[in-house]
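Chemist: Quick one: this structure, given as structure tokens, is what I'll be asking you about.
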Amino acid sequence: MQNKRRLMSQQGFTLIELMVVIVILGILATMIVPRVMDRPEEARRTKAAIDIQAIEQALKLYKLDNGQYPSTEQGLQALVEAPSVGRLAKKWRKGGYLDKGKVPKDPWDYEYVYISPGLHSDFDLMSYGPDGEPGGEDMDADINNWELE
């Protein structure tokens, strides 16, 4: 009988124990949630940098095949379909230079900006970030190929 009472008294949690656990979880949530909330924007910026590097590689392959980079007028579209304006690509690669046969948009659904010849190198390639406008600071700052490692 005594063993049965001891088992009955040890089952479950007291109200105080539950309240302590809830308070601890609340404190942890207030410390962790703000840090986790910034991650999506950081992930978008990382994806834009990776896209820019992939487009750079495609542009370099285009130049190897054709002797020059596409002009600003031809734009990045020259990587997925043979240019029909400006200096034509004589050895344009069948299937193009980008996977999936299309020029990706940046993570904020804007077009990447391509200028050739560029102000910083043979070509400038950039994403204007979440605001879609040149310039900006912190998380609104542009992502530029000449600043990537």
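Chemist: If you take the residues of segment 61-81 that are out of contact with any Lys or Arg (no Cβ under 9 Å at 6 or more places or on another chain) and small (G, A, S), which of them is surrounded by the most Cβ atoms within 10 Å (Cβ to Cβ)?
Modeler: Looking at residues that are out of contact with any Lys or Arg (no Cβ under 9 Å at 6 or more places or on another chain) and small (G, A, S), I get A78.
Chemist: Sticking with this structure for a sec: Any chance segment 70-84 includes a residue that's at pLDDT below 90 and in the same structural domain as D140 (by TED's automatic domain parsing)?
Modeler: Taking segment 70-84 and keeping what is at pLDDT below 90, we get 84.
Within this subset, residues satisfying the condition of being in the same structural domain as D140 (by TED's automatic domain parsing) are 84.
Yes: segment 70-84 contains one or more residues that are at pLDDT below 90 and in the same structural domain as D140 (by TED's automatic domain parsing).
Chemist: Of all residues in segment 30-55, how many are touching a strand residue (DSSP E or B) at 6+ places or on another chain (Cβ under 8 Å) and modelled with pLDDT under 90?
Modeler: The number of residues fulfilling the criteria is 1.
Chemist: Out of segment 122-145, which residues are free of Cβ contacts under 8 Å to residues at least 40 places away in the same chain and surrounded by fewer than 13 Cβ atoms within 10 Å (Cβ to Cβ)?
Modeler: Once the filter is applied, which keeps residues that are free of Cβ contacts under 8 Å to residues at least 40 places away in the same chain and surrounded by fewer than 13 Cβ atoms within 10 Å (Cβ to Cβ), segment 122-145 yields E133, P134, G135, E137, D138.
Chemist: Further question: Check segment 74-88 and report whether any residue there is within 30 Å of D138 (Cβ to Cβ) and either within 25 Å of the chain's Cα centre (by Cα) or in a loop (DSSP other than H, G, I, E, B) (or both).
Modeler: Here is the first cut: in segment 74-88, the ones within 30 Å of D138 (Cβ to Cβ) are 75-76.
Cutting the leftovers down to either within 25 Å of the chain's Cα centre (by Cα) or in a loop (DSSP other than H, G, I, E, B) (or both) gives us 75-76.
The answer is yes, given that some residue of segment 74-88 is within 30 Å of D138 (Cβ to Cβ) and either within 25 Å of the chain's Cα centre (by Cα) or in a loop (DSSP other than H, G, I, E, B) (or both).
Chemist: What about Y69, is it in a loop (DSSP other than H, G, I, E, B) and either of a type in the set (S, T, Y) or within 21 Å of R45 (Cβ to Cβ) (or both)?
Modeler: On the way: in a loop (DSSP other than H, G, I, E, B): yes; either of a type in the set (S, T, Y) or within 21 Å of R45 (Cβ to Cβ) (or both): yes.
Taking the combined requirement at face value, the residue satisfies it.
Chemist: Here is a further query. Pick out the one residue from A58, A89 that is surrounded by 11 or more Cβ atoms within 10 Å (Cβ to Cβ), assigned by TED's automatic domain parsing to the domain that holds L125 and modelled with pLDDT under 85.
Modeler: On the way: A58 fails: modelled with pLDDT under 85.
Residue meeting the stated conditions: A89.
The values are calculated or read from the model by the stated rules, or taken from the named source; none is laboratory data. These numbers come from a predicted model, not from an experiment. Ideal geometry is used to build each Cβ from the backbone, glycine not excepted, and the neighbour counts take in all protein chains shown.
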